[in-house]
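Novice: Mind having a look at this structure? Questions to follow.
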Amino acid sequence: MKNHVWRPLYIVLAIVGGILLVRTVLVPNDFGVYERGYMYGWHRKSNEAEWKTVRVKYKTAKVCVECHIDKYNDIKNSGHAAISCENCHGPGYDHPKDPVGLNIDRSRDLCIRCHSFMPYKGNVRGKIPGINPEKHYPQAQCVMCHIPHNPKPMNQKREVKS
Amino acid sequence: MINRREFCKKAIMVAGGVVLPLTALEIFNPKRLRAERDGKGKVRWVFLVDIHKCVGCGFCVKACKIENEVPYDANVTRTWVERYVVTKDGQTCIDSPKGARDGFTTQKIDQAHHGMKEINPEEIAKAFFVPKLCNQCDNPACVQVCPVGATYQTEDGIVLVDRSWCIGCGYCVMGCPYGVRFFHPVYHVAEKCNFCYHRISKGMKTACVNACPFGARQIGNIRDPEDPVTKIITSEQVNVLKEEFGTKPQVFYLGLSREVK
Amino acid sequence: MVHGEAWTLKEFFVYPNEYIYWSIQIVMYPFMTGLVAGAFVLSSLYHVFGVKQLKEIARFALVFSLALLPVAMMPLMLHLQQPQRGIYVMMTPHFTSAIAAFGIVFTTYAMIVLSEIWFVYRQFIVQTILELRAKQRRSTIESVQLALYSILAMRAMDLSPEALHKDERAVGILAAIGIPVACFLHGYAGFIFGSVKANALWMTPLMPVIFICSAVVSGVALCIATYIVTMELRKLIYAWKRKNDPRLPSTDELKSAEIITVTMTSKYLLMFMVLAITLEMLDLIFRNYTAVKSWDILRSVIYEKDFFKIFILQYGLGNVLPFILFLLPGLTIRRALIGSLLVLMGVFMMRWNVVIGGQAFSASFSGFMEYQMPIWPSSIELFKEGLFGALTVITTPFVLFYLVTRVLPVFGVKDSH
């Protein structure tokens, strides 16, 4: 068309065309609408598989029992039976290959998660025997007197010493 | 006879006119759209939280952070536990120190910049702990507002974030009524709980379910009528958070008291 | 520190992941797009509705609108955690999200403004080319200018009355199409906030309309203010130049043209101000009256924590005072300038009170978050989302405007008007 009025429009169309062509390069092939529709399912399909390949760190207590049956027998009849080994000893990863040994966490912080006493009647927390962490031997590690795998009777270590 | 210049001009126009609609077609592929209507999957993950059982130990938060590689010291978390202490005068005090990553270790309520609040044990009418995580809603508001399709929902109901596509605008973070989303401090993209998708896809339980010693957290498949979680949800009195937003959350609570925010 | 932690002060109970994620740059963005839309609408009042007294400021407003366009992108680029992926909004737009509209709307609007400017300036460009070509010897600058204007002309060298008439008609059509697009450009920004059901302050159907009206207000006020400043500069320059060339307009001639333009423009400013304030009052009254679940915490934010910012700065100094200044008889240039600047401050505070105010309370309705804007940029993040980032955004349009006017002058131009 000879009319100069259309010239800006040609530029616009060229830019739009350019954007659409760049799309074919930049956008992954499997990007599209999937099972949940356009509103909830507009995505790159291969990302779903990527999320499934994240490394599993916590292996569950069942795996620990395969070798550490003695510790399990200790703890299974105690008040700590329901606590997963990995909660206190950290995630298994590929133990015993990697890491060769797991951490034995002896800090106070671990125990006062449950045993910092809260006077909440009507809640299970109020029924867990506990102490005031600021008053009860604040400098000591709990495991100096208490045995985590078999906490009852209390103060077993002290009794043994005395 | 058409001259060379006219021919070239027309050829380019024809080629462009054919190619452009094809490149635009990727946005709306009719075959894919049809596929989405058929097929109702065998799995739809749901979660059950029993507030009566939670003691606020925070093992779930710690396990989640390690399992899902959210930096331990960062003040963000995929899941957390809230403590509610209701006094006899009707006041409710709520806190969640570091999301309960280290549990609740003091009776004093953490009021952030307002300091620690002491509560007289005699004045406590009731107190309880409420674990929270992404509700993997059926109408996820966060997915609706994502401008680029970086966050989406899988067929089995899990809402995921594509870390390679998220532009970090934060609209999904603002769009979630439950506050479960945040920016990952290392990847600098949106992040949230995804029910340990890498674990549940292998038949394992989520890290938080595995860690909870008191059985306050459970995961199940609502499409399986024999699933113990499904049985509880369908037969007992359960509730969800912020139902009025219409997001259709799929985390169900036993013992959800009216004070819970 | 996670993103947001450095400038968020939490009080009482706030969800662990809640921070002020949308900070100063998200306040700047609607402010800048509002100026863009407003400047364009002002220009269109002349080109579409033929309000003759606005002729001078119309060209000015159009060029300013162009200078503001790239700046509208800046706050977003500074805010995004992955700015290099910003283009994805155009690659895989998810149209259920208001932000996805950005790619289409912004591009469309940019095309319209650029095209309209081309038609408005085509006569000037072609005449400049002819003048430069006629010269026997050209300096380096003049050669560069000739090359630049030749590209801009796009080979459309026809200066016949029919061609110029076509230009005029094209300008009219583009300005007419441009008005709804400019409204959309800012309306969608209002929709971004108004549609977030998770935020009790933002969620209202009035938000898009409030944003559009306050956008027009800010654009008109900016044009009045910049026009006055530019005219004062011109007076100084011409007073100095008149010593050599008495044919140039005198200070008095410039002054009388100026006051007519400013008075006319300020009438439109007042009309839109009335509209904007009415809608905002309506929203507040409704919230007060219905008192839904969120009202307790919102009331604390609106009437206590943000009282000064909302009622003193935004409504008082930003609306009521300029209203009085403009309505008092015998409008002077100085009063118009002060009024416009106050209006701009008021519109900025409105953006602040919506964006920051909406994050001043927790979604738990049981706690607050105070925004402490980073002042000193001791890290890249604190620069981008702090005072210096905001200052960069606000000064760039003026720099760009100066540069654009070196190529497309806004005064004394023979154009298709």
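The values are calculated or read from the model by the stated rules, or taken from the named source; none is laboratory data. Keep in mind that this is a model prediction, so the values were computed, not measured. Heads up, the Cβs are rebuilt from the backbone with ideal geometry, glycines too, and the neighbour counts pull from every protein chain shown.
Novice: Among the listed residues B:VAL186, B:VAL180, B:VAL229, identify the single one that is assigned to a loop (DSSP other than H, G, I, E, B) and more than 7 Å from every other protein chain (Cβ to nearest Cβ).
Specialist: Among B:VAL186, B:VAL180, B:VAL229, only B:VAL186 is assigned to a loop (DSSP other than H, G, I, E, B) and more than 7 Å from every other protein chain (Cβ to nearest Cβ).
Novice: Mind listing whichever residues of region C:370-401 are among the acidic types (Asp, Glu) and crowded, with 16+ Cβ neighbours inside 10 Å?
Specialist: Here is the first cut: in region C:370-401, the ones among the acidic types (Asp, Glu) are C:370, C:381, C:385.
C:GLU381, C:GLU385 - these are the residues of region C:370-401 that are among the acidic types (Asp, Glu) and crowded, with 16+ Cβ neighbours inside 10 Å.
Novice: Just to be sure I understand, how many residues within region B:246-261 are surrounded by 16 or more Cβ atoms within 10 Å (Cβ to Cβ), more than 24 Å from B:CYS93 (Cα to Cα) and within 14 Å of chain C (Cβ to nearest Cβ)?
Specialist: The total comes to 2.
Novice: Still on this structure, please answer the following. Among the residues of region A:89-125, which ones are buried (at least 19 other Cβ atoms within 10 Å of the Cβ), under 17 Å from the mean Cα position of the chain (by Cα) and either assigned by TED's automatic domain parsing to the domain that holds A:HIS136 or not in a loop (DSSP other than H, G, I, E, B) (or both)?
Specialist: A:LEU110, A:ARG113 - these are the residues of region A:89-125 that are buried (at least 19 other Cβ atoms within 10 Å of the Cβ), under 17 Å from the mean Cα position of the chain (by Cα) and either assigned by TED's automatic domain parsing to the domain that holds A:HIS136 or not in a loop (DSSP other than H, G, I, E, B) (or both).
Novice: Which residue out of A:TYR34, A:TYR58, A:TYR38, A:TYR72 is more than 30 Å from B:GLY41 (Cα to Cα), surrounded by 15 or more Cβ atoms within 10 Å (Cβ to Cβ) and either touching a Gly at 6+ places or on another chain (Cβ under 9 Å) or aromatic (Phe, Trp, Tyr) (or both)? Spell out the reasoning first.
Specialist: On the way: A:TYR34 fails: more than 30 Å from B:GLY41 (Cα to Cα); A:TYR58 fails: more than 30 Å from B:GLY41 (Cα to Cα); A:TYR38 fails: more than 30 Å from B:GLY41 (Cα to Cα).
Result of the check over A:TYR34, A:TYR58, A:TYR38, A:TYR72: A:TYR72.
Novice: With B:VAL229, B:VAL161, B:VAL173, B:VAL189 as the choices, which residue is closer than 27 Å to B:HIS52 by Cβ, aliphatic (A, V, I, L, M) and in contact with a strand residue (DSSP E or B) (Cβ under 7 Å, 6 or more places away or on another chain)?
Specialist: Result: B:VAL229 is the single residue among B:VAL229, B:VAL161, B:VAL173, B:VAL189 that is closer than 27 Å to B:HIS52 by Cβ, aliphatic (A, V, I, L, M) and in contact with a strand residue (DSSP E or B) (Cβ under 7 Å, 6 or more places away or on another chain).
Novice: Let me ask something else about it. Going by the conditions given, is A:GLY18 more than 26 Å from B:LYS65 (Cα to Cα), among the small types (Gly, Ala, Ser) and buried (at least 19 other Cβ atoms within 10 Å of the Cβ)? Spell out how you get there, then give the answer.
Specialist: Working: more than 26 Å from B:LYS65 (Cα to Cα): yes; among the small types (Gly, Ala, Ser): yes; buried (at least 19 other Cβ atoms within 10 Å of the Cβ): no.
Answer is no for this residue.
Novice: Quick one: count up the residues across region C:1-37 that are under 26 Å from C:ALA189 (Cα atoms), over 29 Å from the mean Cα position of the chain (by Cα) and part of a loop (DSSP other than H, G, I, E, B).
Specialist: Filtering region C:1-37 down to residues under 26 Å from C:ALA189 (Cα atoms) leaves C:3-5, C:7-8, C:17-37.
Subsequent filtering for residues that are over 29 Å from the mean Cα position of the chain (by Cα) retains C:5, C:17-18.
Next, only the ones that are part of a loop (DSSP other than H, G, I, E, B) stay: C:17-18.
Summing the residues that are under 26 Å from C:ALA189 (Cα atoms), over 29 Å from the mean Cα position of the chain (by Cα) and part of a loop (DSSP other than H, G, I, E, B) in region C:1-37 gives 2.
Novice: Of the conditions (1) more than 13 Å from the chain's Cα centre (by Cα); (2) closer than 13 Å to C:TYR227 by Cβ; (3) surrounded by 24 or more Cβ atoms within 10 Å (Cβ to Cβ), C:SER44 satisfies every one except a single condition; which number is it?
Specialist: Against the list (1) more than 13 Å from the chain's Cα centre (by Cα); (2) closer than 13 Å to C:TYR227 by Cβ; (3) surrounded by 24 or more Cβ atoms within 10 Å (Cβ to Cβ), C:SER44 comes up short only on (2).
Novice: Is region B:116-123 home to any residue that is touching a strand residue (DSSP E or B) at 6+ places or on another chain (Cβ under 6 Å) and closer than 21 Å to C:LEU80 by Cβ?
Specialist: no
Novice: C:SER65 passes all but one of (1) at the interface with chain B (Cβ under 7 Å from one of its Cβ atoms); (2) surrounded by 23 or more Cβ atoms within 10 Å (Cβ to Cβ); (3) of a type in the set (Ser, Thr, Tyr); which number fails?
Specialist: So C:SER65 meets the others, but not (1).
Novice: Can you tell which of B:ILE66, B:ILE109, B:ILE119, B:ILE94 is touching a residue at least 40 places away in the same chain (Cβ under 8 Å), outside the structural domain of B:TYR187 (by TED's automatic domain parsing) and farther than 19 Å from A:VAL56 by Cβ?
Specialist: Working: B:ILE66 fails: farther than 19 Å from A:VAL56 by Cβ; B:ILE109 fails: touching a residue at least 40 places away in the same chain (Cβ under 8 Å); B:ILE119 fails: touching a residue at least 40 places away in the same chain (Cβ under 8 Å).
So the residue among B:ILE66, B:ILE109, B:ILE119, B:ILE94 that is touching a residue at least 40 places away in the same chain (Cβ under 8 Å), outside the structural domain of B:TYR187 (by TED's automatic domain parsing) and farther than 19 Å from A:VAL56 by Cβ is B:ILE94.
Novice: Output the residue which, of all residues in region C:1-28 that are crowded, with 21+ Cβ neighbours inside 10 Å and among the aliphatic types (A, V, I, L, M), is nearest to the other protein chains (Cβ to nearest Cβ).
Specialist: Among residues in region C:1-28 that are crowded, with 21+ Cβ neighbours inside 10 Å and among the aliphatic types (A, V, I, L, M), the one nearest to the other protein chains (Cβ to nearest Cβ) is C:VAL14.
This table checks each residue for (1) of a type in the set (Lys, Arg); (2) more than 17 Å from the chain's Cα centre (by Cα).
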residue: B:CYS176; (1), (2): no, no
residue: B:LYS192; (1), (2): yes, no
residue: B:CYS196; (1), (2): no, no
residue: B:VAL229; (1), (2): no, yes
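The rows are residues; the columns are (1) more than 14 Å from chain B (Cβ to nearest Cβ); (2) touching a residue at least 24 places away in the same chain (Cβ under 8 Å).
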{"site": "C:HIS94", "(1), (2)": "no, no"}
{"site": "C:ILE104", "(1), (2)": "no, no"}
{"site": "C:THR107", "(1), (2)": "yes, no"}
{"site": "C:ALA110", "(1), (2)": "yes, yes"}
{"site": "C:VAL126", "(1), (2)": "yes, yes"}
{"site": "C:VAL144", "(1), (2)": "yes, no"}
{"site": "C:LEU164", "(1), (2)": "yes, yes"}
{"site": "C:ARG169", "(1), (2)": "yes, no"}
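Novice: OK, next. Examine region A:19-32 for a residue that is of a type outside the set (D, E, K, R), touching a Lys or Arg at 6+ places or on another chain (Cβ under 8 Å) and in a helix (DSSP H, G or I), and state whether such a residue exists. Give the derivation first.
Specialist: Taking region A:19-32 and keeping what is of a type outside the set (D, E, K, R), we get A:19-22, A:24-29, A:31-32.
Applying the additional criterion that residues be touching a Lys or Arg at 6+ places or on another chain (Cβ under 8 Å) yields A:28, A:31-32.
Now drop any that are not in a helix (DSSP H, G or I), which leaves none.
No, every residue in region A:19-32 fails to be of a type outside the set (D, E, K, R), touching a Lys or Arg at 6+ places or on another chain (Cβ under 8 Å) and in a helix (DSSP H, G or I).
Novice: Search region A:72-97 for residues being small (Gly, Ala, Ser) and closer than 12 Å to A:ASN150 by Cα, and hand back the single one that is farthest from the other protein chains (Cβ to nearest Cβ). Show your work before the answer.
Specialist: From region A:72-97, those small (Gly, Ala, Ser) are A:78-79, A:81-82, A:84, A:90, A:92; that's our starting set.
Narrowing the set further to residues that are closer than 12 Å to A:ASN150 by Cα leaves A:78-79, A:81.
Details: A:SER78: 12, A:GLY79: 10, A:ALA81: 9 Å.
So the residue we want is A:SER78.
Novice: Then there is this: Counting residues that are closer than 30 Å to C:THR230 by Cβ, which helices (runs of 4 or more DSSP H) fully inside region C:270-383 reach at least 1? Step through it out loud before you land on a result.
Specialist: On the way: elements: C:295-299, C:321-327, C:333-355.
Output list reads C:321-327, C:333-355.
Novice: Kindly indicate whether A:ILE83 is out of contact with any Asp or Glu (no Cβ under 6 Å at 6 or more places or on another chain), buried (at least 19 other Cβ atoms within 10 Å of the Cβ) and aliphatic (A, V, I, L, M). Break it down into steps so the answer makes sense when it comes.
Specialist: On the way: out of contact with any Asp or Glu (no Cβ under 6 Å at 6 or more places or on another chain): yes; buried (at least 19 other Cβ atoms within 10 Å of the Cβ): yes; aliphatic (A, V, I, L, M): yes.
Spelling it out, A:ILE83 is indeed out of contact with any Asp or Glu (no Cβ under 6 Å at 6 or more places or on another chain), buried (at least 19 other Cβ atoms within 10 Å of the Cβ) and aliphatic (A, V, I, L, M).
Novice: Taking C:THR108, is it hydroxyl-bearing (Ser, Thr, Tyr), more than 14 Å from the chain's Cα centre (by Cα) and buried (at least 23 other Cβ atoms within 10 Å of the Cβ)? Working first, answer last.
Specialist: Working: hydroxyl-bearing (Ser, Thr, Tyr): yes; more than 14 Å from the chain's Cα centre (by Cα): yes; buried (at least 23 other Cβ atoms within 10 Å of the Cβ): no.
Here the answer is no, as C:THR108 does not meet what is asked.
Novice: If we only count strands (runs of 3 or more DSSP E) wholly inside region B:108-177, which ones have 3 or more residues that are crowded, with 24+ Cβ neighbours inside 10 Å? It would help to see each step written out before you state the result.
Specialist: Numbers: elements: B:124-132, B:151-153, B:159-161.
By residue number, B:124-132, B:151-153.
Novice: On to the next question. Taking the stated definitions as given, is C:ILE237 among the β-branched types (Val, Ile, Thr), in contact with a Lys or Arg (Cβ under 9 Å, 6 or more places away or on another chain), in a helix (DSSP H, G or I) and more than 16 Å from C:MET350 (Cα to Cα)? I'd like the intermediate steps shown before the answer.
Specialist: Values: among the β-branched types (Val, Ile, Thr): yes; in contact with a Lys or Arg (Cβ under 9 Å, 6 or more places away or on another chain): no; in a helix (DSSP H, G or I): yes; more than 16 Å from C:MET350 (Cα to Cα): yes.
Taking the combined requirement at face value, the residue does not satisfy it.
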